[in-house]
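> Quick one: this structure, given as structure tokens, is what I'll be asking you about.
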Amino acid sequence: MSHADDLIAEALRALGNGQMRERVRLNLPGIEIEANNAEESALAASLLREARAVYTPPPPAAVSASPAQPAASRETLGRAAERWSKTLDGITMPAKTRSIKRCAVRELAEIVGAGISCGEITRADVGRWAEALRGRGLATPTICNKAGYISGFFNWLKASGIISGENPATGVVSYGIREKRGRRKSGFQAFTAAQVAALFAPEALAKLAPAARWGALLGLYTGARVSEIAQARVNDFAEMDGVLYLTITDEGEGQSLKNDGSRRVVPLHPDLLEMGLRARFDALRAAGETRFFPGHKLAATINGPGQWLSKAWSYYLKAQGTTCPPPGRLGFHSLRKTVTQMLQNAGVSAEVRAALLGHELDDEHHAAYSRGVTIAEQYDALKKGMRYGLALDRLRALLF
């Protein structure tokens, strides 16, 4: 309560004392406000002023000599950011993620001031950083991601003894349901059945490089992310209970995963085997190759191992004139969405879909009380749910 008056004053300033016309969301300790128009902004400001009028500050505390501030807590933001940045090299993969994390903290130092003591940074400072990013045109999801990196930086400061108390970045930026719904409309869309038939017709697919043809087919039949496919090793293909599968893992050199739920095995659709997938990785193994795509280095670019495949597919879509209604877009990730929706339309359960695609179901009780999905169940779901009707014999001739 000793800071209540200051918080109310800060909220009023952020609301422009009720004059803001655009959407505003505030998240301060004990105060959460969302105003979507000028009327709501004025109402929120009126309520804040009433709260301020009845607020009675506590009696002043007895003055006592305060101990000297520890040397660590006087460390500047700029210096702490340099130390933290060096810790990322050994624990954060891929290189693009390290770059994004460093960029977020660098922007914080730029806006708040590199010379400020880490112990003096407040939620208001982090809020000012978030508003500055919004003023630069960054979307809410991007700012939320950056806020997560900033929160991780402050957790490191606490663990290192540089600051104490609450994390000033916690809850400063939120991503509402309405914004998420609007974001989905402008995200990657699934391919239609007609688009799949046209894109994977042998005469069309011949315009892709041989490696990209295999990459696209793996995406179409597994729904795996582009990086998961591009980083595959020959030994990641194996057989269990008569089912050939691909292991998606981060155990190999240079491999990484989006999250823990991404670690999984994905059965290989019989269409892939008919097109000669087993023959390909057998030939690679006999030649002493360790990578399924030996001509492409895992760490060749900052965007990760899948950049070459993603670019090749995007160029191919453009050359074929394959589009979708705006604001949606098409790309390699559309293959993943296509697989998801085909399985859903075929009545495949959410548990099996999640196991195949590396998604985590939100209900922790569901995960605690349910058994795991077997590879046989996944294989049956793929055979049942994914029937593209492609010209397999002609595609096999093209692939080899």
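The values are calculated or read from the model by the stated rules, or taken from the named source; none is laboratory data. Keep in mind that what you see is a predicted model, and the values were worked out from it rather than measured. Cβ: placed from backbone, ideal geometry, glycine included. Neighbour counts: every protein chain shown. Just so you know, the surface numbers come from the protein's heavy atoms only, side chains and all, with ligands and any DNA or RNA stripped out. Shrake-Rupley method; radii C 1.70, N 1.55, O 1.52, S 1.80 Å.
> Step by step: find N for the range 226-293, compute 2.2 N^0.38 Å, then divide the Cα radius of gyration by it. What's the final number?
Dividing the Cα radius of gyration by 2.2 N^0.38 Å gives 1.10.
> Tell me the volume per residue, in Å³, of the convex hull enclosing the alpha carbons of the range 93-150.
It is 86 Å³ per residue.
> Working from the pairwise distances between different alpha carbons, so that the mean of 1/r is found and then inverted, what is the range 107-243's Kirkwood radius in Å?
About 19.5 Å for the range 107-243.
> Here is a follow-up. At 1.4 Å probe size, put Met275, Met240, Met20 in order of accessible surface, largest to smallest.
Correct descending sequence by accessible area is Met240, Met20, Met275.
> List the relative contact order of the chain as a percent without decimals, with contacts defined as Cα pairs under 8 Å and 6+ residues apart.
Across the chain, relative contact order equals 16 percent.
> Between the alpha-carbon centers of the range 126-163 and the range 228-271, tell me the distance in whole angstrom.
34 Å
> With contacts defined as alpha carbon pairs under 8 Å and 6 or more residues apart, what's the relative contact order of the range 217-354 in percent?
Result for the range 217-354 is 31 percent.
> Could you name the aspartates and glutamates whose alpha carbon sits less than 14 Å from that of Lys146, not counting residues in the same chain fewer than 8 places away?
Candidates past the 8-residue exclusion: Glu107, Glu131.
> Based on the Cβ-Cβ distance of Ala283 and Arg387, what FRET efficiency does E = 1/(1 + (r/R0)^6) give at R0 = 35 Å, to the nearest 0.05?
Between Ala283 and Arg387 the formula returns 0.80.
> Separate question: Once the principal axes of the Cα atoms of the chain are found, what is the range along each, listed largest first in whole angstroms?
Sorted largest first, the three principal extents are 85, 48, 46 Å.
> Of Lys258/Lys311; Lys86/Lys318; Lys101/Lys207; Lys297/Lys318, which ones are farther than 31 Å apart at the Cα?
Lys86/Lys318; Lys101/Lys207
> Calculate the all-directions average of the projected area of the range 192-260's alpha-carbon convex hull, and give it in nm².
6.3 nm²
> For the chain, what does -39500 (n - 2.57) per DSSP helix run (n ≥ 4), summed and divided by total residues, give at 222 nm, in deg cm²/dmol to the nearest 500?
Taken over the chain, the calculation gives -15000 deg cm²/dmol.
> Same structure again: When only alpha-carbon atoms count, how far does the range 187-317 stretch along each of its three principal axes, as whole angstroms with the largest first?
Sorted largest first, the three principal extents are 36, 36, 30 Å.
> Counting residues in the range 318-365 as N, plug N into 2.2 N^0.38 Å and put the Cα Rg over that result.
The range 318-365 yields a ratio of 1.46.
> May I pose another question? Using a 1.4 Å probe on the protein heavy atoms only, what accessible surface does Lys101 show? Give it in Å² to the nearest 10.
Per-residue accessible area (Lys101): approximately 50 Å².
> Using a 1.4 angstrom probe with every protein chain in place, what is the largest-first accessible-area order of Val126, Val173?
Correct descending sequence by accessible area is Val173, Val126.
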